[in-house]
Amino acid sequence: MNYEITKNNKQLKKYFYFLTTVTLVSCYNQERSCKDFKTGKFTSETTVEGKKFTSAFERNDSIQIENYNAVIDTFSIRWINDCEYILENVKPKNRNEKKAVHVKILNTKDLKYNFEYSFVGDAKKQFGSVTKQE
């Protein structure tokens, strides 16, 4: 009987170590190289309600000029930290364009990053990806 208790304790220890390892690995944050994407030329893809939207834009550390369907818009950029920023349309044409957009870079890999965005104060998040042009 004592042998069974020792055997069960060993199995519990193995299970505990396995569970601890899985928990630690799942908490690991992906490394993000957000600084690499603060300036340059980019293409963006987002999907809203099943429809795909593609745009091209160029930005420096404070201005982003975007071309979507031959319409060019200019946005000011305010960086919150290396991976988050606020976009505001410099010349909004309507009330909706006056709303600031919060963008958060979720992960980066090579010349691409995935992001989430929403109007400032809105809980509904949309997602997209950006590729830096060489």
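The values are calculated or read from the model by the stated rules, or taken from the named source; none is laboratory data. Computed from a predicted model, the values in this text were never measured in an experiment. Backbone-built Cβ (ideal geometry, glycine too); neighbour counts: all protein chains shown.
Here are a few things to note about the model shown:
- The residues of segment 36-53 that are in a loop (DSSP other than H, G, I, E, B) and either within 17 Å of the chain's Cα centre (by Cα) or of a type in the set (Val, Ile, Thr) (or both), listed by number, are LYS38, THR39.
- Strands (runs of 3 or more DSSP E) fully within segment 66-134 counting 1 or more residues that are surrounded by 11 or more Cβ atoms within 10 Å (Cβ to Cβ), among the charged types (D, E, K, R) and within 12 Å of the chain's Cα centre (by Cα): 84-89, 101-109, 112-119
- Segment 11-63, subset farther than 26 Å from VAL90 by Cβ and surrounded by 13 or more Cβ atoms within 10 Å (Cβ to Cβ), residue modelled with the lowest pLDDT: ARG32
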